[in-house]
Amino acid sequence: MIATGNDEFSQTLAERIGQFIIDADANSARTMQKAIGPSEVGEPCERQLAYKILDWPESNDARDPIAAIIGTGFHLWIGERFEARNEALGGTRYKVETRVTVRDSPIETARLTGSADLYDRLIRANLDWKLVGASSHDKYRRQGPGEKYRIQAHLYGLGQENAGEHVDRVVIVFIARYHELKVHVWSEAYNRQIALDALARLDRIRDQVMALDPESHPERWQQFAIPEKPNCRFCAYLKPGSSDLSQGCPGVQSSNPGASLQALIA
Ligand code: SF4
């Protein structure tokens, strides 16, 4: 958080408002969500998923919530607009912010549900809104959505299919947080196998968590694979400098070879 004011009163007020936003977000449904959701299944870092599977205490208190808060606000706004448009069109074309079951199971930890942003029955497509920074918007336009978002898109496709819809395409709509409207659409044909493979990977990691039992054997945290370039900055379990993975992960910083080495040997 950066809080500034033009005098002492304003400075104090800025700090209090900033802290109010941080505290309110920490108690929001989005932040309190414990179960793994479709947005997390494709996470490339298996160590991060292992922490999440065990509902491990989060160690990264430096994460700034504002991007997610703005994203939530945009989802609410555009959801209302599509609800109104749906009504005007007779009420059957769009499904807005619907709960979908990606995989049902009597075993609670194997069940996967989520909230799908928009399904359009006319084009038989599931759409996912992503509000991103301007530089990320450019990156997604040039390089595509990356595996994590791609897997999420197909998991929602499977959820819509399980809800009885005929899904042809999965779509991600990238909108930049920028002073002018920038919209980039990525889409591809829905492929159920991409979703099933992602679920099988998650099951394998969950089995590994049970077999290794890092809760009782903290040294085994290191056995969970981390990718070559993990996205540590936004990881809830980042703890820079940590040499005890049960307290948090030191992460990998490509600009700091020492930190990279530390993460690899931790
Ligand atoms: S800090 Fe980085 S390496 Fe460690 S669990 Fe998180 S994403 Fe993986």
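A few points about this structure:
- Taking the criterion of being buried (at least 18 other Cβ atoms within 10 Å of the Cβ) and either among the aromatic types (F, W, Y) or more than 8 Å from the ligand (Cβ to nearest atom) (or both), the residues of region 223-238 that qualify are F224, Y237.
- Given (1) touching a Ser or Thr at 6+ places or on another chain (Cβ under 9 Å); (2) under 26 Å from Q160 (Cα atoms); (3) part of a helix (DSSP H, G or I), number of the condition L76 does not satisfy: (1)
- Taken together, the residues in region 1-13 that are within 14 Å of I66 (Cβ to Cβ) and open to solvent by less than 90 Å² (accessible area, probe 1.4 Å) amount to 1.
For every residue, the table says whether it meets (1) touching a helix residue (DSSP H, G or I) at 6+ places or on another chain (Cβ under 8 Å); (2) modelled with pLDDT of 95 or more; (3) not in a helix (DSSP H, G or I).
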position: L199; (1), (2), (3): yes, yes, no
position: W221; (1), (2), (3): yes, yes, no
position: R233; (1), (2), (3): no, no, no
position: S255; (1), (2), (3): no, no, yes
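Residues are listed down the side, and each one gets a yes or a no for (1) open to solvent by 90 Å² or more (accessible area, probe 1.4 Å); (2) of a type outside the set (D, E); (3) more than 15 Å from the chain's Cα centre (by Cα); (4) at pLDDT below 95:
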{"site": "R16", "(1), (2), (3), (4)": "yes, yes, yes, no"}
{"site": "S28", "(1), (2), (3), (4)": "no, yes, yes, yes"}
{"site": "C45", "(1), (2), (3), (4)": "no, yes, no, no"}
{"site": "W77", "(1), (2), (3), (4)": "yes, yes, yes, no"}
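- Output for region 193-222, where each listed residue is more than 18 Å from V41 (Cα to Cα) and open to solvent by 20 Å² or more (accessible area, probe 1.4 Å): A211, L212, D213, E215, S216, H217, P218, E219, R220, Q222
- Taken together, the residues in region 47-75 that are open to solvent by 60 Å² or more (accessible area, probe 1.4 Å) and among the basic types (K, R) amount to 1.
- Flag if T113 is among the β-branched types (V, I, T), surrounded by 13 or more Cβ atoms within 10 Å (Cβ to Cβ) and out of contact with any helix residue (DSSP H, G or I) (no Cβ under 7 Å at 6 or more places or on another chain): yes
- For region 193-218, residues that are out of contact with any Ser or Thr (no Cβ under 9 Å at 6 or more places or on another chain) and within 16 Å of the ligand (Cβ to nearest atom) total 6.
- E97 part of a helix (DSSP H, G or I), open to solvent by 40 Å² or more (accessible area, probe 1.4 Å) and within 22 Å of A153 (Cα to Cα): no
- Meets criteria (surrounded by 12 or more Cβ atoms within 10 Å (Cβ to Cβ), in contact with a strand residue (DSSP E or B) (Cβ under 9 Å, 6 or more places away or on another chain), assigned to a loop (DSSP other than H, G, I, E, B) and among the charged types (D, E, K, R)) for E188: no
- Of all the criteria given as (1) touching a Leu at 6+ places or on another chain (Cβ under 8 Å); (2) part of a loop (DSSP other than H, G, I, E, B); (3) not small (G, A, S), the one not satisfied by H179 is (1).
- Scanning region 202-224 for residues that are touching a residue at least 60 places away in the same chain (Cβ under 8 Å), among the charged types (D, E, K, R) and under 23 Å from L112 (Cα atoms) yields D203, R206.
The values are calculated or read from the model by the stated rules, or taken from the named source; none is laboratory data. From a predicted model like this one, the values you see are computed outputs, not experimental measurements. We place every Cβ from the backbone using ideal geometry, glycine too, and count neighbours over all the protein chains shown. Accessible surface is based on the protein model in full, side chains and every heavy atom, while ligands, DNA and RNA are left aside. Shrake-Rupley method; radii C 1.70, N 1.55, O 1.52, S 1.80 Å.
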